[in-house]
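Written out below as structure tokens is the structure these notes cover.
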Amino acid sequence: MPNILIAEDEPRIASFIEKGLRSQGFTTAVVADGLHVLDVAQSGSFDLLILDLGLPGKDGFQVLEELRGQGEDFPVIILSARSDIHDKIAGLEGGADDYVTKPFRFEELLARIRVRLRGARPVREAQELVLKTGNVMLDLRTRQVKVGDRLVELPAREFTMAEMFCRHPGQVISREQLLDYVWGYDYNPGSNIVDVYVGYLRKKLGSKVIETVRGMGYRLRI
């Protein structure tokens, strides 16, 4: 499974990205300052770098310039609060493969990561892109959902929540984990939005597919 380096000095954002990627099966490491990114990145064990521009010690533009100057060609996705078009152009012309602005949604970042990894290595086997638990099947390429032989239409957030459940069948997933994964790090922890969307999924996938574990969260029945 690909190994991703996260260069981010904001602990909450770094933790949010790391938890989300690990829930998808990726291995990760976090570096919080620009001075150490180069040493870690050059270890040869990483397949992709998520790079914040506002790093202490050495900013992301300097890190990117030195990496490319030393022949490191693994994909780099800039993740920055700088939304000015000149920064985007500078980042892409400086060797970044993609540029995502903060605030961001995890599912968008994940999609961009998958695209860059597919371009950097042989395409993964088709079965890795299809999740199946019981009679529920999710195709991550086509965003198609089937319950038995029945096609089900799921909007983006419902699909993302269903993907989270299907990647962890039988495991209890807390409301906080679902909020983090589906709605991003800038969520309202007092909201009941998770319960509402679980209700939507039960109506479409089956009332007994997702069970409530009182005081803990939800679980996809195996």
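The values are calculated or read from the model by the stated rules, or taken from the named source; none is laboratory data. Keep in mind the model is a prediction, meaning the values are calculated, not measured. Note that we place each Cβ from the backbone using ideal geometry, even for glycine, and neighbour counts take in every protein chain shown. Accessible surface areas use protein heavy atoms only, side chains included; no ligands, DNA or RNA. Shrake-Rupley method; radii C 1.70, N 1.55, O 1.52, S 1.80 Å.
Below are the figures for this structure:
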item: Selection from the stretch 67-89 of residues that are open to solvent by less than 60 Å² (accessible area, probe 1.4 Å) and either modelled with pLDDT of 90 or more or within 24 Å of the chain's Cα centre (by Cα) (or both); result: Leu67, Glu72, Phe74, Pro75, Val76, Ile77, Ile78, Leu79, Ser80, Asp87
item: Filter result for Glu128 (at pLDDT 90 or above, assigned to a helix (DSSP H, G or I), closer than 23 Å to Gly20 by Cβ and of a type in the set (Asp, Glu)); result: no
item: Test for Asp39: is it among the acidic types (Asp, Glu) and modelled with pLDDT under 90; result: yes
item: Within the stretch 177-202, tally of residues that are at pLDDT below 90, open to solvent by 20 Å² or more (accessible area, probe 1.4 Å) and touching a strand residue (DSSP E or B) at 6+ places or on another chain (Cβ under 8 Å); result: 1
item: Whichever residue in the stretch 14-36 is crowded, with 21+ Cβ neighbours inside 10 Å and over 12 Å from the mean Cα position of the chain (by Cα) and, among such residues, is farthest from Cys166 (Cα to Cα); result: Gly34
item: Of residues in the stretch 203-222 being touching a residue at least 60 places away in the same chain (Cβ under 8 Å) and open to solvent by 100 Å² or more (accessible area, probe 1.4 Å), the one farthest from Asn192 (Cα to Cα); result: Ile222
item: Matching residues, the stretch 9-32, being in a loop (DSSP other than H, G, I, E, B) and over 14 Å from Glu107 (Cβ atoms); result: Asp9, Glu10, Gly25, Phe26, Ala32
item: Any hit, the stretch 85-101, residues being of a type in the set (Gly, Ala, Ser), in contact with a strand residue (DSSP E or B) (Cβ under 8 Å, 6 or more places away or on another chain) and assigned to a helix (DSSP H, G or I); result: yes
item: Selection status of Gly57, touching a residue at least 24 places away in the same chain (Cβ under 8 Å) and on the phi > 0 side of the Ramachandran plot; result: yes
item: Candidate set from the stretch 147-167 (those that are open to solvent by less than 70 Å² (accessible area, probe 1.4 Å) and farther than 21 Å from Gln177 by Cα); member that is farthest from the chain's Cα centre (by Cα); result: Gly148
